[in-house]
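To start, the structure under review is shown below, and the notes come after it.
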Amino acid sequence: MLAKRIIPCLDVDKGRVVKGTNFLELIDAGDPIEQAKFYDREGADELIFLDITASSDNRSTMIDVVRRTAEEVSIPFTIGGGIRTTDDMREMLRSGADKVSINTAAVKNSQIINNGAENFGVQCIVVAIDAKKIADDKWKVFIHGGRTETELDVIEWAQECEQRGAGEILLTSMDRDGTKDGYDITLLKKVTNAVRIPVIASGGAGTLEHLYYAFNDADVDAVLAASIFHFRQFTIKQAKEFLRSKNILVRT
Amino acid sequence: MIGIIDYHLNNLRSVQKAFEKVGAESFISDNAAELRKADKLILPGVGAFGQAMLNLQSLGLDTVVKEHAASGKYLLGICLGMQLLFTKSYELGDFNGLNLVNGEVKIFPSTVKVPHMGWNQVEIVRQSPILNGVEEKSFVYFVHSYFVEPKENVTLTQTDYGFKFTSIIEQNNIFGIQFHPEKSQTTGLQLLKNFSKL
């Protein structure tokens, strides 16, 4: 059967891996290619690079990091941040990325999801959604790295992304991101119930139980985490052993 | 020499890199004359079936693949490249494939999440030299929304996604792998190594 995935997220700023708290305070955490190789060896199922500032300051993304990573790692990886057009997507995919993640560009021009899916296949189009709770059971979509509020409801937007041809949703709870208080299970559950495409949980992982709850209670397909792995609080192996002991199928 | 067919849909470097790792020489080309010189051909691919067939045809590469297969030389289709070997696909319409393997390409049922994305296991149905050293229930990386339904007995491995579908095929000199061996670490590399040694 299909295994649940563990995906370390490498937030990249000017070629270095950083991890913010609530998207604001950044701490340098290393070289992206070295980290990618390390996680590949350690048993990560996939990797995501997010160029966290590209979308807001008009900087185009990290072709060089993509090329070098494609040379060095043998697991799939996704690139996000600053991808605005299908030409940007093509450039990333041809440079060796397996998937591209779009966020701000998808909200501003949702046709890019259709065009990406038609040109490159749904399997490589990830739509990243930054969600912020605005009332009980209500979340709004934010863009520009979490700085700009939109009118979009998260659940409705996730469904529209699926209809337009997204292959996967990367769902980040802005309220939980960087807090280590656990993923927003209620939000995740709402979205996994609303779509048929895979959903990656993001924002808030602080313990191995948090990963388990996301799989078991919210039925996500993958969990994304940064700090708990980057600062070696846990290894990927420890995470997998724990999940296996809880009867979650993970890759050996 | 292994020829990797470039029909302008995606990056092929990871496939070539994987062959490098197992010590097999390969080249990437979109040129019919060059590809005709290869002893073995790889038809890789991600993307949509219809567009892939159009690209192959416009580059004159559909003929190259068919001639190669007819000559008895080894051919390996990967992911969409495997699906293209079949008679027909229902991906976003009705499209004819290369018709080297009898069967159809169908979408997953609505009971499962689509795309089928991530690490799943291969169950060996029939042994073959390409499976040498591949352990039962090894995890490999899949990403696809459609699966093949062969009409003949060509299945080497199957994979369980709520129901069992064909994940590796062999028909004489023609092989197909539904997952991405170049993204499947040791198991994937073992398969490519075995293919390179056929």
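The values are calculated or read from the model by the stated rules, or taken from the named source; none is laboratory data. Keep in mind the model is a prediction, meaning the values are calculated, not measured. With ideal geometry, Cβ positions are generated from the backbone for all residues, glycine too; neighbour counts draw on all protein chains shown. Quick note on the areas: whole protein, heavy atoms, side chains included, nothing else; ligands and nucleic acids left out. Shrake-Rupley method; radii C 1.70, N 1.55, O 1.52, S 1.80 Å.
Using the Cβ-Cβ distance between residue A:156 and residue A:246 with R0 = 30 Å, the FRET efficiency computed as 1/(1 + (r/R0)^6) comes to roughly 0.35. Heavy-atom accessible surface of residue A:176, to the nearest 10 Å², is about 70 Å², with a 1.4 Å probe and all protein chains retained. For the A and B pair, go ahead and give the buried accessible area with a 1.4 Å probe, both sides summed, in Å² to 100. Counting protein atoms only, the buried area is about 2900 Å². For region A:155-222, the per residue solvent-accessible surface stands at 33 Å², with DNA, RNA and ligands left out and a 1.4 Å probe.
For a straight C-alpha distance cut-off of 22 angstrom, the lysines reachable from residue B:106 (same-chain residues fewer than eight places away being disregarded) are B:88, B:151, B:164.
How large, in percent, is the carbon and sulfur part of the accessible surface of chain B at a probe radius of 1.4 Å? Roughly 47 percent, rounded to a whole number. Over all other residues within a Cβ to Cβ distance under 13 Å of residue B:99, the charged ones net out to 0, with Lys and Arg as +1 and Asp and Glu as -1.
Neighbouring Cβ atoms from other chains, within 10 Å of the Cβ of residues in B:169-177, number 0 on average. For the protein assembly as shown, adding -39500 (n - 2.57) for each run of n ≥ 4 DSSP H residues and dividing by the number of residues yields -9000 deg cm²/dmol at 222 nm. The value of relative contact order for chain B, using C-alpha pairs under 8 Å at least six residues apart, is 20 percent. Secondary structure note: in the protein assembly as shown, about 45% of the DSSP beta bridges are antiparallel. Counting only DSSP beta bridges with both residues in chain A, the antiparallel share comes to about 35 percent. Cα centroids of region A:88-144 and region A:160-235: how far apart, whole angstrom? Between the Cα centre of region A:88-144 and that of region A:160-235, the gap is 16 Å.
GNM on chain A, alpha-carbon springs under 10 angstrom: the most fluctuating residue among A:48, A:79, A:228 is A:228.
Inter-chain neighbour count for A:195-205: the average number of beta-carbon atoms from partner chains within 10 Å of each residue's beta-carbon is 2. Legend: distances between Cα atoms for B:17/B:113; A:37/A:246; A:108/A:132; B:66/B:137; pairs beyond 26 Å are B:17/B:113; A:37/A:246; B:66/B:137.
Rolling a 1.4 angstrom probe over region A:110-192 with all protein chains present gives an accessible area of which 40% lies on carbon and sulfur atoms.
Peptide A:121-127 has a mean of 6 when you count, residue by residue, the C-beta atoms of other protein chains within 10 Å of its C-beta. Compute the Cα gyration tensor for region B:55-198, then decide on rounded, prolate or oblate, letting a ≥ b ≥ c be the square roots of its eigenvalues: rounded whenever a/c is under 1.5, prolate when a/b is larger than b/c in the other cases, and oblate in all that remain. Here region B:55-198 falls in the oblate category. With a cut-off of 12 Å between beta carbons, the residues surrounding residue B:188 carry a summed charge of +3, where Lys and Arg count +1 and Asp and Glu -1. Both radii were evaluated on the Cα set of chain A; the Rg over Rh quotient, with Rh as the Kirkwood radius, amounts to 0.92. Comparing A:110, A:173, A:202 in a Gaussian network model of chain A (Cα springs below 10 Å), the most mobile by mean-square fluctuation is A:110.
Taking every alpha-carbon pair under 8 Å whose residues sit at least 6 apart, region B:59-174 reaches a relative contact order of 24 percent.
Classify region B:139-190 as rounded, prolate or oblate, taking a ≥ b ≥ c as the square roots of the eigenvalues of its Cα gyration tensor: rounded when a/c is under 1.5, otherwise prolate if a/b is larger than b/c and oblate if not. Because a/c hits 1.5 or more and a/b fails to exceed b/c, region B:139-190 counts as oblate. Cα convex hull, the protein assembly as shown: 125 Å³ per residue, rounded to a whole number.
Loop-only chymotrypsin sites (Phe, Trp or Tyr not before Pro) in region B:131-198, please: DSSP not H, G, I, E or B, and at most 14 other Cβ atoms within 10 Å. Counting only loop positions with at most 14 other Cβ atoms within 10 Å, the chymotrypsin sites (Phe, Trp or Tyr not before Pro) in region B:131-198 are B:163. Of the residues in region B:99-135, those shielded by at least 20 Å² of accessible area once partner protein chains are present, compared with the chain alone at a 1.4 Å probe, are B:110, B:113, B:114, B:115, B:117, B:119, B:120, B:121.
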